[in-house]
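Okay, so here's the structure we're looking at.
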Amino acid sequence: MIQHLLLISHVSKHFGGNVAVSDVSFAVEEKQIFGLIGPNGAGKTTLFNCITGFFPTTSGDVIFDNKKINTLRPDEVCKLGMARTWQRVKPLGSLTVLENVMVGAFSITNTTREAEIIAREQLQMVGLTDYTTKSAGSLSIGLKKKLELARVLATRPKMLLLDEICGGLNHTETDIILNIIRNIRIKGATIVFIEHDMKAVTSICDRIVVLNSGEKLAEGTPEEITNNSDVISAYLGGGHHA
Amino acid sequence: MKKIALSVIAATAVALPIFIGENPYLIGIMISVLMMAALSSAWNILGGYAGQYSFGHAAYFGAGAYTTLILLTLYNSLNPLVCMAMGIVVASIIALITGSIVFRLRGHYFGLASIAVAEIVRLSVLNLEFTGGAQGILLSDVSLWGIDLNSKNPFYYGMLLVLVVTLSISQYLRTSKTGYYLQAIREDQDAAASLGINLAFYKNKALLISAALTSILGSLYGLYIRFIDTSAVLDLRLSIEIILTAIIGGVGTMWGPVVGALLLVPLAEMLRSNLLGDLLVKAGLVSETSGIGVFLKENLAHAHVLVYGIITVLCILYLPKGILGLFRRVK
Amino acid sequence: MSFLQPLLSGILTGGVYALAGMGMSLVFGVMNISNFAHGDLMMLGMYMAFFAFTLLHIDPYVSLVLIIPTAFLFGFMLEKLFINRVIHHPHQNQILLTIGLGLIMSNTALLAFTSDPKILTTTYSSSAFNLPGGISLSVPLLISFLITGVTIAILYLFLAKSRTGMALRATSQNREAAQLMGINVAKMSAIAFGIGTALAATAGALIAPTYYIHPLAGHSFLLKAFTICVLGGLGSVVGAGVGGIIIGVVEAMSSTYWSTDWKDVIVFVLFLAVLLFRPQGLFGKKGGE
């Protein structure tokens, strides 16, 4: 039996009468770059929140590294090796860039000195070394996204869940982020991407799942997905966002 | 530069009683300043760093005061320090109960819950017999290692010591993993959780440290004044005063609470002792026996809470980061 | 004595509590602010009723006609002048601002009226309505309950049917969306706060004939009002109504079967119990999860 790194098994999430996610199932293998796409309101972020412990699932299980995690707290999920970024960035505004990343590093060390070393490493990896002492709240959106990436990388995750990490970035910034992600995969991490930017998704993902109105619409390679008529009509006649 | 300033302040603080020791009134004021500075600094660990505002910190102050004095009244030969330790235990229990109920919730319930707990403690003490009820507790005699506890100087140094300990803990936390985590919780709880921070655990940790320090101060107060009742050590006004002192000085900065205490305590004293009223009379502006004179004499003493209210409003509207916040970014 | 006595008395008192709680819930729903001055606003209502009675010789219940619009304007102004400035600030600062305003109110009252409790005695203050079974219901409480019922009915109609009421409810559900729909959310906040103040003052005026009136009277009501709101579900006006009745009954029962000294403690313990077992309250809308 194949051991998936992450198994989403018939997960549903209801908020009162509102069905946000309905019976979604898919599996992510180690070292894959996996895409989760769909129109606005399809339930992608809600699914992320269920996976990472911010919402309990109404039904269904999330199994990560052979452990059932849907009843765990978010910090417990992180400790197991799954880290996430946020659609609306969450910098720790009053802290400096370095301190932000150190908070991430502290999840794998207890000493301030080691945390600083790990943090500086990650800042270098994403190219933020020049901003070390700047307050996180003062950065531009593109840099905030890089900071968030550095911060989660400092937790040395086995799996990274990225929620629209390219949102609000121009083409150059997007390419830089994508390259960083490719490097992360080379270092052994698995990545799940929520994205709107179809070009970004198809250029980097090994496999894609499409959600629409909370349900799984399609699953396959980037080629299969871009040629899938259901997917195309779900996006209303185009796979591309301006 | 910083080290020199720090040494000067420390030296002044230690040497002060030599200069003003003959004047019990002034020493008394300084003891109040030190106590309020320490109380606000202890509160700041939870409020300024972790962003959890407790509006019921008087509960821990009272826990220390009442536990210490009750034990000493019952068993006169007990070492006061042992009683203080018991006070810490009681305060910690209250803290753990509060924290375990509230810190697992996501909404903003901590403030309200802290008031509820403080009121439960206050009303319970008021209604129970062994706590002295409305009459309070009067401590007859107390001794510690031969130190004359009837004079004020020992308490000056006692309060100073607790203040130094509190500030040291604050400083240590700032650069430790716990400190980073508390600040992360203050900035964004969801982000903090997603980075592996057990929110309830760290909030409880901060609360316990804060409550323990506050309880020690309550015990010291009890030994100092020798008389306590619920309005002196368990009142909501005390809780508010502690917060206000931190806010005016600068929440989340290390020296903010100290600055706040240096400003507010003398101001409150001036109002309470009718200094202002006396000044007006002496200046001949107001006749002591006129209607206004009598009104001022009776009421200006109460006005200090009114002034607190006005200062709070002005501070929140125009100086939310406090005095030190003007100079430094919140760290 | 049958338990009907405390039950009925409790329901009557609970009605007044419900008013206070509903005012606070409305403010919380629309503005997401915990108003720690709510108790002091009640206290102002008590004094208004007292002075209307002693100076103008108007019956306290009749004086509501004056008190309600005055309190509404006062609350409206408070919001525009002070509260509005911190609407986007962290909630701790908002709470502190309301605490400061409350301190100013209660201590100005202390200076102006002294701490001697005032007593408002009308001709019917100690009259009781006697029911079969030996149950006696205080006339002032009965009248308050009736007035409370009428007020709640008016409030309900206003919120459900009027344009402003619907705008208030929309703002309460989702401030951003309401703003996008063209609703003037700043004005909604001021109106909500005005109504909340008016309800608090009304509650104060209604209990004035049966309570000691003094400047710090509001404080014991503050935490009770919060307990009611949390019990009912933060932001749910209906919930606060139900919560008020429940708290009134709990208080009356504890007074009768345990002791009057501990009735407040029981209410506060109930508050903690709600947080422990059902933080979203009975009709939970906001906050809870």
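The values are calculated or read from the model by the stated rules, or taken from the named source; none is laboratory data. Quick caveat: nothing in here was measured; it's all calculated off a predicted structure. All Cβ positions, glycine included, derive from the backbone under ideal geometry; neighbour counts span all protein chains shown.
Name the helices (runs of 4 or more DSSP H) wholly inside the stretch B:169-234 in which the number of residues that are at pLDDT 95 or above is 2 or more.
Working: elements: B:177-187, B:189-194, B:199-225, B:230-233.
Once the helices (runs of 4 or more DSSP H) in the stretch B:169-234 are filtered for at least 2 residues that are at pLDDT 95 or above, what remains is B:177-187, B:189-194, B:199-225.
Condition check ((1) within 19 Å of the chain's Cα centre (by Cα); (2) in a loop (DSSP other than H, G, I, E, B); (3) of a type in the set (Asp, Glu)) across all residues:
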site: A:Leu7; (1), (2), (3): yes, no, no
site: A:Ser12; (1), (2), (3): no, no, no
site: A:Ala27; (1), (2), (3): yes, no, no
site: A:Gly41; (1), (2), (3): yes, yes, no
site: A:Ile63; (1), (2), (3): yes, no, no
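Only one of these conditions is not met by B:Ala42: (1) in a helix (DSSP H, G or I); (2) surrounded by fewer than 22 Cβ atoms within 10 Å (Cβ to Cβ). Which number is it?
Going through the list (1) in a helix (DSSP H, G or I); (2) surrounded by fewer than 22 Cβ atoms within 10 Å (Cβ to Cβ), B:Ala42 breaks only (2).
Here's a check for you: in the stretch C:236-269, which residue that is of a type in the set (Ser, Thr, Tyr) and surrounded by 17 or more Cβ atoms within 10 Å (Cβ to Cβ) is farthest from the other protein chains (Cβ to nearest Cβ)? Talk me through it step by step, then tell me what you get.
Kept after step one, since they are of a type in the set (Ser, Thr, Tyr), are these residues of the stretch C:236-269: C:236, C:254-257, C:259-260.
Those left that are additionally surrounded by 17 or more Cβ atoms within 10 Å (Cβ to Cβ): C:236, C:254-256.
Numbers: C:Ser236: 14, C:Ser254: 12, C:Ser255: 13, C:Thr256: 17 Å.
The selected residue is C:Thr256.
Suppose we keep only residues that are under 20 Å from C:Ala201 (Cβ atoms) and among the polar types (S, T, N, Q) within the stretch C:85-112. Which one would you say is nearest to the other protein chains (Cβ to nearest Cβ)?
Taking the candidates together, the pick is C:Asn107.
Take A:Leu236 and tell me if it is at pLDDT below 85 and under 28 Å from A:Val19 (Cβ atoms). Write out each step before concluding.
Working: at pLDDT below 85: yes; under 28 Å from A:Val19 (Cβ atoms): yes.
Considered against the rule, which asks whether it is at pLDDT below 85 and under 28 Å from A:Val19 (Cβ atoms), A:Leu236 comes out as yes.
Would you mind listing the strands (runs of 3 or more DSSP E) fully within the stretch A:157-230 where at least 3 residues are on the phi < 0 side of the Ramachandran plot and crowded, with 20+ Cβ neighbours inside 10 Å? First the steps, then the outcome.
Numbers: elements: A:159-163, A:190-194, A:207-212, A:215-220.
Result: A:159-163, A:190-194, A:207-212.
Yes/no per residue for (1) hydroxyl-bearing (Ser, Thr, Tyr); (2) closer than 22 Å to C:Phe193 by Cα; (3) part of a helix (DSSP H, G or I):
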| residue | (1), (2), (3) |
| --- | --- |
| C:Phe221 | no, yes, yes |
| C:Cys229 | no, yes, yes |
| C:Ala240 | no, yes, yes |
| C:Ile245 | no, no, yes |
| C:Gly248 | no, no, yes |
| C:Ser255 | yes, no, yes |
| C:Ala273 | no, no, yes |
| C:Pro279 | no, no, no |
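Within the bounds of the stretch B:70-78, is there any residue that is crowded, with 21+ Cβ neighbours inside 10 Å and within 14 Å of another protein chain (Cβ to nearest Cβ)?
No: the stretch B:70-78 contains no residue that is crowded, with 21+ Cβ neighbours inside 10 Å and within 14 Å of another protein chain (Cβ to nearest Cβ).
Can you give me the number of residues within the stretch C:270-289 that are surrounded by fewer than 18 Cβ atoms within 10 Å (Cβ to Cβ), more than 20 Å from the chain's Cα centre (by Cα) and at pLDDT 85 or above?
Count: 4.
In the stretch A:154-188, which residues are in contact with a strand residue (DSSP E or B) (Cβ under 8 Å, 6 or more places away or on another chain), at pLDDT 90 or above and under 24 Å from A:Glu116 (Cβ atoms)?
Those that are in contact with a strand residue (DSSP E or B) (Cβ under 8 Å, 6 or more places away or on another chain), at pLDDT 90 or above and under 24 Å from A:Glu116 (Cβ atoms): A:Thr155, A:Pro157, A:Lys158, A:Leu160.
Is it the case that A:Pro74 is on the phi < 0 side of the Ramachandran plot and within 10 Å of another protein chain (Cβ to nearest Cβ)?
On the way: on the phi < 0 side of the Ramachandran plot: yes; within 10 Å of another protein chain (Cβ to nearest Cβ): yes.
Judged against the criteria, A:Pro74 is a match.
What about C:Gly233, is it on the phi < 0 side of the Ramachandran plot and buried (at least 24 other Cβ atoms within 10 Å of the Cβ)?
no
Considering every residue within the stretch A:118-138, establish whether at least one is crowded, with 22+ Cβ neighbours inside 10 Å, modelled with pLDDT of 95 or more, at the interface with chain B (Cβ under 7 Å from one of its Cβ atoms) and part of a helix (DSSP H, G or I).
Looking through the stretch A:118-138, none of the residues is crowded, with 22+ Cβ neighbours inside 10 Å, modelled with pLDDT of 95 or more, at the interface with chain B (Cβ under 7 Å from one of its Cβ atoms) and part of a helix (DSSP H, G or I).
Quick one: in the stretch C:133-178, of everything that is over 23 Å from C:Gly15 (Cβ atoms), aliphatic (A, V, I, L, M) and in contact with a helix residue (DSSP H, G or I) (Cβ under 7 Å, 6 or more places away or on another chain), which residue is surrounded by the fewest Cβ atoms within 10 Å (Cβ to Cβ)?
C:Ala170
Hey, C:Ser25 hits all of (1) in a helix (DSSP H, G or I); (2) within 14 Å of another protein chain (Cβ to nearest Cβ); (3) more than 21 Å from C:Phe158 (Cβ to Cβ); (4) hydroxyl-bearing (Ser, Thr, Tyr) but one; which does it fall short on?
Every listed condition holds for C:Ser25 apart from (3).
What is the number of the single condition among (1) buried (at least 24 other Cβ atoms within 10 Å of the Cβ); (2) farther than 21 Å from C:Leu142 by Cα; (3) modelled with pLDDT under 90 that C:Leu223 does not meet?
In the conditions (1) buried (at least 24 other Cβ atoms within 10 Å of the Cβ); (2) farther than 21 Å from C:Leu142 by Cα; (3) modelled with pLDDT under 90, C:Leu223 misses (1) alone.
Please name all residue pairs, on different chains or six or more residues apart, with Cβ atoms under 8 Å, provided the first residue is in the stretch C:65-87 and is in contact (Cβ under 8 Å) with a residue 60 or more places away in the chain and in a helix (DSSP H, G or I) and the second residue is aromatic (Phe, Trp, Tyr) and crowded, with 20+ Cβ neighbours inside 10 Å.
C:Gly75/C:Phe193; C:Phe76/C:Phe193; C:Leu78/C:Phe193; C:Glu79/C:Phe193; C:Ile83/C:Phe193
Take the stretch B:171-188 and flag every residue that is more than 10 Å from chain A (Cβ to nearest Cβ) and either over 24 Å from the mean Cα position of the chain (by Cα) or among the hydroxyl-bearing types (Ser, Thr, Tyr) (or both).
Answer for the stretch B:171-188, where residues must be more than 10 Å from chain A (Cβ to nearest Cβ) and either over 24 Å from the mean Cα position of the chain (by Cα) or among the hydroxyl-bearing types (Ser, Thr, Tyr) (or both): just B:Tyr172.
Condition check: without any contact (Cβ under 8 Å) to a residue 40 or more places away in the chain and either within 14 Å of chain B (Cβ to nearest Cβ) or surrounded by 22 or more Cβ atoms within 10 Å (Cβ to Cβ) (or both). Does A:Ile33 satisfy that?
Details: without any contact (Cβ under 8 Å) to a residue 40 or more places away in the chain: no; either within 14 Å of chain B (Cβ to nearest Cβ) or surrounded by 22 or more Cβ atoms within 10 Å (Cβ to Cβ) (or both): yes.
No, not satisfied.
Would you check which residues across the stretch A:81-117 are more than 7 Å from every other protein chain (Cβ to nearest Cβ), part of a loop (DSSP other than H, G, I, E, B) and over 26 Å from A:Lys31 (Cβ atoms) and list them?
Result: A:Arg88, A:Val89, A:Pro91, A:Thr111.
Only one of these is within 21 Å of the chain's Cα centre (by Cα) and more than 14 Å from chain A (Cβ to nearest Cβ): B:Ser219, B:Ser151, B:Ser143, B:Ser124. Name it.
Just one listed residue meets the conditions, B:Ser219.
With more than 14 Å from chain C (Cβ to nearest Cβ) and either touching a Cys at 6+ places or on another chain (Cβ under 8 Å) or modelled with pLDDT of 90 or more (or both) as the only criterion, which of B:Ala5, B:Ala38 stands out? Lay out the reasoning, then the answer.
Numbers: B:Ala5 fails: either touching a Cys at 6+ places or on another chain (Cβ under 8 Å) or modelled with pLDDT of 90 or more (or both).
Matching residue, one of B:Ala5, B:Ala38: B:Ala38.
Looking at (1) of a type in the set (Asp, Glu); (2) assigned to a helix (DSSP H, G or I); (3) free of Cβ contacts under 8 Å to residues at least 24 places away in the same chain, can you tell me which one B:Glu129 breaks?
So the condition that B:Glu129 fails would be (2).
Can you tell which of B:Gly28, B:Gly47, B:Gly62, B:Gly99 is touching a Lys or Arg at 6+ places or on another chain (Cβ under 8 Å) and within 19 Å of B:Leu173 (Cβ to Cβ)?
Working: B:Gly28 fails: within 19 Å of B:Leu173 (Cβ to Cβ); B:Gly47 fails: touching a Lys or Arg at 6+ places or on another chain (Cβ under 8 Å); B:Gly62 fails: within 19 Å of B:Leu173 (Cβ to Cβ).
Being touching a Lys or Arg at 6+ places or on another chain (Cβ under 8 Å) and within 19 Å of B:Leu173 (Cβ to Cβ) holds for just one of B:Gly28, B:Gly47, B:Gly62, B:Gly99, which is B:Gly99.
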